């Protein structure tokens, strides 16, 4: 089963690059961050504190989350745009830090990929926890200023404010007790700061094919 794990902090270009790489390789693409955002949306919708582990976990089990190319639905409602708003941004790290929720999401992510025979999966703990035996593990990063500007270009806002928000998200994601944002020992780190999207996708496609040839030759 071909699984490419792409991890990294906010604004590193994971989503765009992972989608294009999946298309190149002819495999499905899974944005695991969208799953946590969908649960966050459901919690706020139902008035549940994003830090309430028992309440959010119960909601995560009961909520119907569906991911399709370019579309995310929660209980049949299209929330594709809503889950990318500042309201969700400010709460999603709290939801993602809940161990019970992460356990539910990890099981769902593995089930999603296995059912489809593989995929390009992006998030923050894919290579370290969700798919430690992935075909290729990549950690995408970029300079903080570049990441902030990318987010502004993507969804607007003030660069300084976005930079502060990203720094706080990094702090929360890298210091949580359950599967923190980290680089897997055998992952390849790629700094996208001075690379075009096309250059990054070309490089990752080359690395995947090279790794598969190497594995076959063993």
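The values are calculated or read from the model by the stated rules, or taken from the named source; none is laboratory data. Just so it is clear, the structure is predicted and the values come from calculations on it, not from any experiment. Note that each Cβ is placed from the backbone with ideal geometry, even for glycine, and that neighbours are counted across all protein chains shown.
Points to keep in mind about this one:
- Scope the stretch 120-129; condition crowded, with 24+ Cβ neighbours inside 10 Å and in contact with a helix residue (DSSP H, G or I) (Cβ under 9 Å, 6 or more places away or on another chain); matching residues: 120, 121, 122, 123, 124, 125, 126
- Restricting 127, 33, 47, 119 to those that are farther than 21 Å from residue 9 by Cβ and outside any loop (DSSP other than H, G, I, E, B) reduces the list to 119.
- Flag if residue 87 is over 25 Å from residue 140 (Cβ atoms) and at pLDDT below 95: yes
- Residues in the stretch 130-154 that are closer than 30 Å to residue 110 by Cα and outside any loop (DSSP other than H, G, I, E, B): 130, 136, 137, 138, 139, 140, 141, 147, 150, 151, 154.
Residues are listed down the side, and each one gets a yes or a no for (1) surrounded by fewer than 16 Cβ atoms within 10 Å (Cβ to Cβ); (2) in the same structural domain as residue 202 (by TED's automatic domain parsing); (3) closer than 19 Å to residue 121 by Cβ:
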site	(1), (2), (3)
9	no, yes, yes
12	no, yes, yes
21	no, yes, yes
48	no, no, no
83	no, no, yes
92	no, no, yes
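- Residue 159, sole failed condition from (1) in contact with a helix residue (DSSP H, G or I) (Cβ under 6 Å, 6 or more places away or on another chain); (2) at pLDDT below 95; (3) surrounded by 15 or more Cβ atoms within 10 Å (Cβ to Cβ): (3)
- When the stretch 172-192 is filtered for residues that are touching a residue at least 12 places away in the same chain (Cβ under 8 Å), part of a loop (DSSP other than H, G, I, E, B) and exposed (fewer than 14 other Cβ atoms within 10 Å of the Cβ), the ones remaining, listed by number, are 177, 186.
- Search result, residues across the stretch 10-25 that are part of a loop (DSSP other than H, G, I, E, B) and either at pLDDT 95 or above or closer than 18 Å to residue 83 by Cα (or both): 10, 11, 13
- Residue 60 being surrounded by fewer than 19 Cβ atoms within 10 Å (Cβ to Cβ) and modelled with pLDDT of 95 or more: no
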